[in-house]
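Reviewing the structure listed below.
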Amino acid sequence: MYCRKCYTKLDPTDDFPRCPRCDRGFDPTDRNSYLARPFPGKWRIVWHIFLTTLVSFVIAFIVANFQLAQASGH
Amino acid sequence: MADSPPSFRYLADPCCIISLVIYPINRFYLKPHHIGGWFTHGYLNDVLCLPMFVPMILYAQHLLGLRPHRRFPGVWEIFQNLVVFTIVFQVITPRFPKTFTSAGDPWDILAYLAGGMIAGIYWSVSARRISAPVVAASD
């Protein structure tokens, strides 16, 4: 049982089940509130790839516009 | 601190700084004076592309919280940006010649790849060099 946010190992026997590292709460009876293994879920990986690729595209287009400004003498 | 990951310095990374120094030399001196022939005129900036922009892109991700750690760029991150730069500069911008000046050249992709491989090898060696004393100290 691992934290969904920081992947820290969780103790389900705690009276107030919270992650000791990031303080995120979880419910030992709710499988959606924790991870079964210390690895990001499929959708989190997809979302991360999408966001990082978006950042790369934005910077690449800024570079393309910079080249345009250089070429046009601005 | 035995589990501290290697510390990548993003914009202060030597590979990025060297590329930032070579780029204007090529842009404002070598190319106008036709020094270095076809390589400096057509491909040197493309070779510098990933060593220069991967640290910048990863720093932007770091500031946005998408890359909380300071590890050296991995193969995946270099490959991801190789694909993005190839799509932007070899597929998208050549289709809009009135808007962008970039002309598609398949050899540019090889130049991006060469720059990415050189930088990747440098970052891999740097990561090992920095993490080695930490491991030795923890023994």
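Just checking: which of the helices (runs of 4 or more DSSP H) contained wholly in segment B:39-139 hold 3 or more residues that are more than 28 Å from B:R27 (Cα to Cα) and hydrophobic (A, V, I, L, M, F, W, C)?
B:106-138
Yes or no, residue by residue, for (1) part of a loop (DSSP other than H, G, I, E, B); (2) loosely packed, with under 12 Cβ neighbours inside 10 Å; (3) in contact with a Leu (Cβ under 8 Å, 6 or more places away or on another chain); (4) modelled with pLDDT under 85:
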position	(1), (2), (3), (4)
A:D23	yes, yes, no, no
A:P38	yes, no, no, no
A:I49	no, no, no, no
A:T52	no, no, yes, no
A:V58	no, no, no, no
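Looking at (1) surrounded by 14 or more Cβ atoms within 10 Å (Cβ to Cβ); (2) at pLDDT below 85, which is the only condition B:I118 fails?
Of (1) surrounded by 14 or more Cβ atoms within 10 Å (Cβ to Cβ); (2) at pLDDT below 85, only one is false for B:I118: (2).
Tell me, yes or no, whether segment B:28-35 has at least one residue that is within 12 Å of chain A (Cβ to nearest Cβ) and more than 17 Å from the chain's Cα centre (by Cα).
Looking for residues that are within 12 Å of chain A (Cβ to nearest Cβ) and more than 17 Å from the chain's Cα centre (by Cα), one finds at least one in segment B:28-35, hence yes.
On the basis of being assigned to a loop (DSSP other than H, G, I, E, B) and at pLDDT 85 or above, does A:R4 make the cut?
yes
Of the residues B:Q90, B:Q61, which single one is more than 9 Å from every other protein chain (Cβ to nearest Cβ) and either surrounded by 15 or more Cβ atoms within 10 Å (Cβ to Cβ) or under 19 Å from B:A119 (Cα atoms) (or both)?
B:Q90
Go over the candidates A:I45, A:I59 one by one and state the one that is over 15 Å from the mean Cα position of the chain (by Cα), within 14 Å of chain B (Cβ to nearest Cβ) and under 30 Å from B:I78 (Cα atoms).
A:I59
Determine, yes or no, whether B:P133 is modelled with pLDDT under 95, more than 18 Å from the chain's Cα centre (by Cα) and away from every other protein chain (no Cβ under 12 Å). Working first, answer last.
Numbers: modelled with pLDDT under 95: yes; more than 18 Å from the chain's Cα centre (by Cα): yes; away from every other protein chain (no Cβ under 12 Å): yes.
When the stated conditions are applied, B:P133 passes them.
Look at B:V84 and say whether it is more than 12 Å from the chain's Cα centre (by Cα), crowded, with 20+ Cβ neighbours inside 10 Å and within 14 Å of chain A (Cβ to nearest Cβ). Don't jump to the end; show me each part of the working.
Numbers: more than 12 Å from the chain's Cα centre (by Cα): yes; crowded, with 20+ Cβ neighbours inside 10 Å: yes; within 14 Å of chain A (Cβ to nearest Cβ): yes.
Against the criterion (more than 12 Å from the chain's Cα centre (by Cα), crowded, with 20+ Cβ neighbours inside 10 Å and within 14 Å of chain A (Cβ to nearest Cβ)), B:V84 qualifies.
For segment B:41-51, check the following and say yes or no: at least one residue is under 10 Å from the mean Cα position of the chain (by Cα) and either charged (D, E, K, R) or surrounded by fewer than 21 Cβ atoms within 10 Å (Cβ to Cβ) (or both).
Checking segment B:41-51: at least one residue is under 10 Å from the mean Cα position of the chain (by Cα) and either charged (D, E, K, R) or surrounded by fewer than 21 Cβ atoms within 10 Å (Cβ to Cβ) (or both).
The values are calculated or read from the model by the stated rules, or taken from the named source; none is laboratory data. From a predicted model like this one, the values you see are computed outputs, not experimental measurements. Here the Cβ is made from the backbone with ideal geometry for all residues, glycine too, and neighbour counts use every protein chain on show.
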